[in-house]
Amino acid sequence: MFESFYQTLEELLIVPVVVLDDEADAAPLADALMAAGMRSAEVTFRTAAAAGSIRAMRAAHPDMHAGAGTVLTVEQVDEALAAGAEFIVAPGFDAEVVSHCIERGVPVLPGTVTPTEVGSARKLGLTVTKFFPAAQYGGLGTIAALCAPFVGHRFMPTGGVSKENLGSYLGSPDIIAVGGTWMVKPALFAGGDFSRVCELAAEAMAAARAARG
Ligand code: 3PG
């Protein structure tokens, strides 16, 4: 299940985690990310602008992989899908949300940080999950320990991933891609200039490609 999305994720390397208050920022942010070769965005449902932002990104760049993050309810899944979200990310594991995504045929990455949670996700057929918050839950050490019994499972860590440590994450076979906010912090484009986003995203992609070899 979701093999072609997992392949895409592996190629994306980094999924920027976007929190937008104003959907007018979505298209120029997408322009900056795409120009840097960062061809996806996880737009979080932490703000009311999330669905409109996904819609704006899809309109500006139909080939961009725009998904929804911080999805906590089945209603938000439906709202994200109506806006054109290609994938769903959740901070934790909620069987109802995951099952709804599977029924609707949309790839879902729920957060799993314990053997019980990974086991629950695998029982529903998922072989890739998010690992959040990665730094607080032990990063690569915990991920390697979880992947020992759950053979073939892979993670997308977010939470504390940075330009400095993304190489060590992506160097591990247990990691499919990483996520983070550092290149898309709203303060970086508060004045309407998205060039710093483009620079940081390009730097991050260069580091990610170097790590994967
Ligand atoms: C997430 O929602 O995945 C995290 O907020 C990303 O964490 P970061 O801000 O440490 O990158």
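The values are calculated or read from the model by the stated rules, or taken from the named source; none is laboratory data. Since the model is a prediction, treat every value here as computed from it, not as a measurement. So basically every Cβ, Gly included, is an ideal-geometry build from the backbone, and we count neighbours across all protein chains shown. When the accessible area is computed, the model is the full protein with side chains, heavy atoms only, and any ligands, DNA or RNA have been set aside. Shrake-Rupley method; radii C 1.70, N 1.55, O 1.52, S 1.80 Å.
Can you tell me which residue in the range 105-121 is least open to solvent (accessible area, probe 1.4 Å), limited to those that are in a loop (DSSP other than H, G, I, E, B) and over 18 Å from VAL15 (Cα atoms)?
Here is the first cut: in the range 105-121, the ones in a loop (DSSP other than H, G, I, E, B) are 105-107, 112-114.
Now restrict to residues that are over 18 Å from VAL15 (Cα atoms): 105, 113-114.
Values: GLY105: 51, VAL113: 19, THR114: 48 Å².
Within the range 105-121, the match that is least open to solvent (accessible area, probe 1.4 Å) is VAL113.
Go through the residues of the range 122-137 one by one and say whether even a single one is assigned to a helix (DSSP H, G or I), more than 17 Å from the chain's Cα centre (by Cα) and surrounded by fewer than 19 Cβ atoms within 10 Å (Cβ to Cβ).
Within the range 122-137, one or more residues are assigned to a helix (DSSP H, G or I), more than 17 Å from the chain's Cα centre (by Cα) and surrounded by fewer than 19 Cβ atoms within 10 Å (Cβ to Cβ).
Among the residues of the range 162-176, which ones are assigned to a loop (DSSP other than H, G, I, E, B), within 15 Å of the ligand (Cβ to nearest atom) and either within 17 Å of TYR137 (Cα to Cα) or open to solvent by less than 20 Å² (accessible area, probe 1.4 Å) (or both)?
SER162, ASN165, ILE176
Please verify whether the range 92-107 includes one or more residues that are within 16 Å of the ligand (Cβ to nearest atom), in contact with a helix residue (DSSP H, G or I) (Cβ under 8 Å, 6 or more places away or on another chain), closer than 17 Å to THR44 by Cβ and among the aliphatic types (A, V, I, L, M).
Looking through the range 92-107, at least one residue is within 16 Å of the ligand (Cβ to nearest atom), in contact with a helix residue (DSSP H, G or I) (Cβ under 8 Å, 6 or more places away or on another chain), closer than 17 Å to THR44 by Cβ and among the aliphatic types (A, V, I, L, M).
Any residue that is surrounded by 17 or more Cβ atoms within 10 Å (Cβ to Cβ), more than 16 Å from the ligand (Cβ to nearest atom), in contact (Cβ under 8 Å) with a residue 12 or more places away in the chain and of a type in the set (Asp, Glu) - is there at least one of those in the range 74-84?
Yes.
Residue-by-condition table, conditions (1) more than 16 Å from the ligand (Cβ to nearest atom); (2) surrounded by fewer than 21 Cβ atoms within 10 Å (Cβ to Cβ); (3) in contact (Cβ under 8 Å) with a residue 60 or more places away in the chain:
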position: PHE150; (1), (2), (3): yes, yes, no
position: GLY160; (1), (2), (3): no, yes, no
position: MET183; (1), (2), (3): no, no, yes
position: ALA187; (1), (2), (3): no, yes, no
position: GLU203; (1), (2), (3): no, yes, no
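Given the criterion open to solvent by 10 Å² or more (accessible area, probe 1.4 Å) and either of a type outside the set (Asp, Glu) or in a helix (DSSP H, G or I) (or both), identify the matching residue among GLY141, GLY179. It would help to see each step written out before you state the result.
Values: GLY179 fails: open to solvent by 10 Å² or more (accessible area, probe 1.4 Å).
Of the residues listed, the single one that is open to solvent by 10 Å² or more (accessible area, probe 1.4 Å) and either of a type outside the set (Asp, Glu) or in a helix (DSSP H, G or I) (or both) is GLY141.
Go through the residues of the range 32-44 one by one and say whether even a single one is over 27 Å from ILE175 (Cα atoms), surrounded by fewer than 21 Cβ atoms within 10 Å (Cβ to Cβ) and more than 14 Å from the ligand (Cβ to nearest atom).
Looking for residues that are over 27 Å from ILE175 (Cα atoms), surrounded by fewer than 21 Cβ atoms within 10 Å (Cβ to Cβ) and more than 14 Å from the ligand (Cβ to nearest atom), one finds none in the range 32-44, hence no.
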